[in-house]
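Peer 1: Quick one: this structure, given as structure tokens, is what I'll be asking you about.
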Amino acid sequence: MKRMREGSLGRSLGRAVILLTCTFIILLPALINGFPLVYSDTGTYLKSAFEGYIPFDRPYWYGVFVRITSGGGLSLWGIVIVQSALCAAYILRVSKLLVPAGKAKGAAVIFCAVLTAGTGLGWYAGQLIPDIFTGIGLLAVYLLLRGREGAWLRDFDVLIVVAACWMHLSNLIILPLVGCALLILGRWFSPAPKPFDKKWKWLVASTVLAWAGLGIANRVVDGAFYLSRSGHVFLVGRMVDTGMLKAYLKEHCATEHFNLCAYADSLPGTSGEFLWGDNSPVWEEGGWKATGPEYDLIIRGTLAEPRFLLWHVRASVASTAEQLCAWHICGGLQTAWYRSPDCPPYDMISQHMHHELGGYLASMQNGGRGELEMRWPNTIYELTLGLALILAMLFLIRNKGKASTSEVRLLIVFTLVAIVIGAWACATLSVVDTRYLGRDSWLLPLAVLIAITAHPGLFSLRRSSSEQ
């Protein structure tokens, strides 16, 4: 009995060491930077965390996560440590599921090293925004539907899926759709398809908890049941990018008399200027809330007319393709703006975590230890993603129909489908932005690394004697 306890303790310590090692590796971009990486949205999340501010254009709940994981403002490092640990834990669990016994732990360390060096994994895990939760949530969906672990881990996966949806609204669409796709793909790739088991119920449960729970939680903190209060502005902003808004207004202003008609010939050139510009019609008409009824009416009008509905479809396809070609880690990391006292991240850290302001200003991102240069990380990322895509296609083509590789092939297709659905949701409903691909594209190289480790001989370009 004593030996059994000692053996169990040793295994637990071993798993803890591997988890800590993987977490440290994923944290390296932030550690090299000298401070958790910030983005233009970071200031809003810090304001939510430390002032109770409820943003109109994004969920409140990542601010709650920031408050808890920072120790109530003790250190912002706590946030990125937890994010990196979650990534490490899910990479370990997927590796344990698909990599042969005895190789999984060591392989997971190598996977984390490759993904941190060659993809956006570490850059998003080490960043003070909720984007990394898309990748984490997708792995949680995969393990929820394909894993073989105990009930407490299943419940934890449900919790992570719900949390990911609450932290970034795009996940409310992405995660359920990808989960449905995985259920269908699972039957397709199974060597002996069986009737759907009870696991689909966990996807339904997590989706209901995410959607209904978010509305109820918003009702508690903000006095109104809603999922998003800003979707109408983002959608009209997309219509600016596609040219549809100007065309629609020119056709309907004679009869509809929208307030936006006054700006039909002077609309901003991009959705970014429309959403955030000081002279945008949004602000001149009273802001995001005040424009809701009119913008909703415009959106419904475009969906009701075949010409504009087809325009939406074409724009969605084009924007998704553009998003899938945006092969950069994050376009907003490298800028001198973050070192300005007027910058929201700088302002919030100065006000609420002044003891960390010195570390923030001393970071590479703010020129305190050299300048942050994203050229080489982006180049390596492009090479890694391109190579992963080639190897994924090679693996799928050469191993089609092989029962022994079915689960790994399913993982590869799952990651491809997840990346496409994620790109479609963000590019169609919001804007095309490099971060919307970089935040989850690391899943494809992970799947390819697992395939190489689990079936090292199956990437050979030479045909076996049985195939010749």
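Peer 1: If you take the residues in the range 255-266 that are open to solvent by less than 40 Å² (accessible area, probe 1.4 Å) and among the aliphatic types (A, V, I, L, M), which one is farthest from Leu429 (Cα to Cα)?
Peer 2: If we take residues in the range 255-266 being open to solvent by less than 40 Å² (accessible area, probe 1.4 Å) and among the aliphatic types (A, V, I, L, M), then Ala264 is farthest from Leu429 (Cα to Cα).
Peer 1: Separate question: Sort out which residues of the range 320-343 are of a type outside the set (A, V, I, L, M) and in a loop (DSSP other than H, G, I, E, B), and write them in order of number.
Peer 2: Within the range 320-343, Cys325, Trp327, His328, Cys330, Gly331, Gly332, Gln334, Thr335, Ser340, Pro341, Asp342, Cys343 meet the criteria.
Peer 1: Scanning the range 321-355 for residues that are of a type outside the set (A, V, I, L, M, F, W, C) and in contact with a helix residue (DSSP H, G or I) (Cβ under 6 Å, 6 or more places away or on another chain), which turns out farthest from Phe50 (Cα to Cα)?
Peer 2: Checked the range 321-355; the qualifying residue farthest from Phe50 (Cα to Cα) is Gln323.
Peer 1: Further question: Quick one: would you say Val99 is open to solvent by less than 30 Å² (accessible area, probe 1.4 Å), among the aliphatic types (A, V, I, L, M) and over 18 Å from the mean Cα position of the chain (by Cα)?
Peer 2: Here the answer is yes, as Val99 does meet what is asked.
Peer 1: Right, next: Filter the range 289-308 down to the residues that are over 29 Å from the mean Cα position of the chain (by Cα) and in a loop (DSSP other than H, G, I, E, B), then identify the one that is modelled with the highest pLDDT.
Peer 2: Applying the filter and picking the extreme gives Glu305.
Peer 1: Condition check: assigned to a helix (DSSP H, G or I) and within 26 Å of Val38 (Cβ to Cβ). Does Trp311 satisfy that?
Peer 2: When the stated conditions are applied, Trp311 does not pass them.
Peer 1: Here is a further query. Taking the residues in the range 319-363 that are free of Cβ contacts under 8 Å to residues at least 24 places away in the same chain and of a type in the set (Gly, Ala, Ser) as candidates, determine which candidate is farthest from Leu74 (Cα to Cα).
Peer 2: So, considering only residues that are free of Cβ contacts under 8 Å to residues at least 24 places away in the same chain and of a type in the set (Gly, Ala, Ser), the one farthest from Leu74 (Cα to Cα) is Ala321.
So that you can scan it fast, the table gives a plain yes or no per residue for (1) open to solvent by 70 Å² or more (accessible area, probe 1.4 Å); (2) modelled with pLDDT of 90 or more; (3) in a loop (DSSP other than H, G, I, E, B):
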{"position": "Asp197", "(1), (2), (3)": "yes, no, yes"}
{"position": "Trp200", "(1), (2), (3)": "yes, no, no"}
{"position": "Ser206", "(1), (2), (3)": "no, yes, no"}
{"position": "Ala212", "(1), (2), (3)": "no, yes, no"}
{"position": "Ile216", "(1), (2), (3)": "yes, yes, no"}
{"position": "Ala224", "(1), (2), (3)": "no, yes, yes"}
{"position": "Ala247", "(1), (2), (3)": "no, yes, no"}
{"position": "Cys253", "(1), (2), (3)": "no, yes, no"}
{"position": "Asp278", "(1), (2), (3)": "yes, no, yes"}
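Peer 1: Take the residues of the range 36-54 that are in a helix (DSSP H, G or I) and of a type outside the set (Ser, Thr, Tyr): which is farthest from the chain's Cα centre (by Cα)?
Peer 2: Glu51
Peer 1: For the range 117-128, enumerate the residues that are surrounded by fewer than 24 Cβ atoms within 10 Å (Cβ to Cβ) and either under 18 Å from the mean Cα position of the chain (by Cα) or under 14 Å from Leu443 (Cβ atoms) (or both).
Peer 2: Across the range 117-128, the qualifying residue is only Gly118.
Peer 1: What pairs come up if the first residue lies in the range 253-278 and is in contact (Cβ under 8 Å) with a residue 24 or more places away in the chain and under 9 Å from Val240 (Cα atoms), the second is in a loop (DSSP other than H, G, I, E, B) and of a type in the set (A, V, I, L, M, F, W, C), and their beta carbons are under 8 Å apart, counting only those six or more places apart or on different chains?
Peer 2: Ser271/Val431; Phe274/Leu267
Peer 1: I'd like the full set of residues that are open to solvent by 30 Å² or more (accessible area, probe 1.4 Å) and under 18 Å from Gly287 (Cα atoms), limited to the range 232-245.
Peer 2: Phe234, Leu235
Peer 1: Assess whether Ala315 counts as being loosely packed, with under 14 Cβ neighbours inside 10 Å and either out of contact with any strand residue (DSSP E or B) (no Cβ under 6 Å at 6 or more places or on another chain) or not charged (D, E, K, R) (or both).
Peer 2: Answer is no for this residue.
Peer 1: Sticking with this structure for a sec: For Arg154, state whether it is of a type in the set (Lys, Arg), part of a helix (DSSP H, G or I) and over 25 Å from Glu407 (Cα atoms).
Peer 2: no
Peer 1: Residues to consider are Thr384, Thr320, Thr335; find the one that is on the phi < 0 side of the Ramachandran plot, in contact with a Phe, Trp or Tyr (Cβ under 8 Å, 6 or more places away or on another chain) and among the hydroxyl-bearing types (Ser, Thr, Tyr).
Peer 2: Answer to the check: Thr320.
Peer 1: Looking at the range 362-407 only, could you name the residues that are among the hydrophobic types (A, V, I, L, M, F, W, C), assigned to a helix (DSSP H, G or I) and either open to solvent by 60 Å² or more (accessible area, probe 1.4 Å) or modelled with pLDDT under 95 (or both)?
Peer 2: Within the range 362-407, Trp376, Ile380, Leu383, Leu387, Leu389, Ile390, Met393, Leu394, Phe395, Leu396, Ile397, Ala403 meet the criteria.
Peer 1: Given the structure, is Ser350 within 30 Å of Trp376 (Cα to Cα) and part of a helix (DSSP H, G or I)?
Peer 2: No, not satisfied.
Residues are listed down the side, and each one gets a yes or a no for (1) free of Cβ contacts under 8 Å to residues at least 40 places away in the same chain; (2) open to solvent by 30 Å² or more (accessible area, probe 1.4 Å); (3) touching a Leu at 6+ places or on another chain (Cβ under 9 Å):
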site	(1), (2), (3)
Ser40	no, yes, no
Gly43	no, no, no
Leu46	no, no, yes
Ile54	no, yes, no
Arg58	no, yes, yes
Trp61	no, yes, yes
Ile68	yes, yes, no
Gly71	yes, yes, no
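Peer 1: List the residue pairs whose Cβ atoms are under 9 Å apart, where the first residue sits in the range 1-22 and is exposed (fewer than 11 other Cβ atoms within 10 Å of the Cβ), the second is at pLDDT 55 or above and part of a helix (DSSP H, G or I), and the two are 6 or more positions apart or on different chains.
Peer 2: Here the result reads none, with nothing in the range 1-22 linked to a residue that is at pLDDT 55 or above and part of a helix (DSSP H, G or I).
The values are calculated or read from the model by the stated rules, or taken from the named source; none is laboratory data. If you're wondering where the values come from, they're calculated on a predicted model, not measured in any experiment. Cβ sites come from the backbone with ideal geometry, for glycine too, and all protein chains shown count toward neighbours. The protein model used for the area step is the full one, side chains on, heavy atoms only, and it has no ligands, DNA or RNA in it. Shrake-Rupley method; radii C 1.70, N 1.55, O 1.52, S 1.80 Å.
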